[in-house]
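To start, the structure under review is shown below, and the notes come after it.
The values are calculated or read from the model by the stated rules, or taken from the named source; none is laboratory data. On a predicted model such as this, the values are computed, not experimentally measured, just so you know. Glycine also receives a Cβ, built like all others from the backbone with ideal geometry; neighbour counts cover every protein chain displayed.
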Amino acid sequence: MKNKYSLSSNLILITFLIGIVNLFFYNYESTQELVIFISILITRYLLFILIRRRFGWSKYLLILIIIRSFYRLYVVMGDADIHSVTKINLYLQAIISILAFAILFIIPKLKEWIGERRKYLSATRVSNAQP
């Protein structure tokens, strides 16, 4: 994972592009929904730039985007009038956002934890060795 920021930012850019596709398939009932949708799209693009430039606090914005994705899934999946492409795109956005978060923060922590564990285990094996 040498270039985790680049990979994660590209995944966020893909979610942004999926959101643009959703703009054409989802029928917005009010202007307020459309304004919120456009603000989320702008936030996704801003998140793409922040992750690309390696801002550490971008993880909090990514968490908010993931929470918003799950909320949107919950709201849209109960409505039968929603186009199936929109539903699939919302699933993809949630999955890709979680994957981007995992690449940035979870996988490096797991690698660090495994490395520390190996160091600890190899040290105890050497100290327990009988001559």
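A few notes on this one:
- Close pairs from the stretch 3-17: first in contact (Cβ under 8 Å) with a residue 40 or more places away in the chain, partner in a helix (DSSP H, G or I) and aromatic (Phe, Trp, Tyr), Cβ under 8 Å, at least 6 apart: Ser8/Phe101; Ser9/Phe48; Ile12/Phe48
- The helices (runs of 4 or more DSSP H) falling completely within the stretch 27-131 that include 2 or more residues that are more than 20 Å from Ser9 (Cβ to Cβ) and touching a Phe, Trp or Tyr at 6+ places or on another chain (Cβ under 6 Å) map to 84-101.
- Any hit, the stretch 30-48, residues being surrounded by 15 or more Cβ atoms within 10 Å (Cβ to Cβ), within 12 Å of Leu104 (Cβ to Cβ) and either among the small types (Gly, Ala, Ser) or out of contact with any strand residue (DSSP E or B) (no Cβ under 9 Å at 6 or more places or on another chain) (or both): yes
- From Ile66, Ile38, Ile82, residue being β-branched (Val, Ile, Thr) and over 19 Å from Leu17 (Cβ atoms): Ile82
- The test for being modelled with pLDDT under 90 and surrounded by fewer than 16 Cβ atoms within 10 Å (Cβ to Cβ) holds for Leu23.
- Looking across the stretch 1-26, just one residue is charged (D, E, K, R) and either part of a helix (DSSP H, G or I) or under 18 Å from the mean Cα position of the chain (by Cα) (or both), and that is Lys4.
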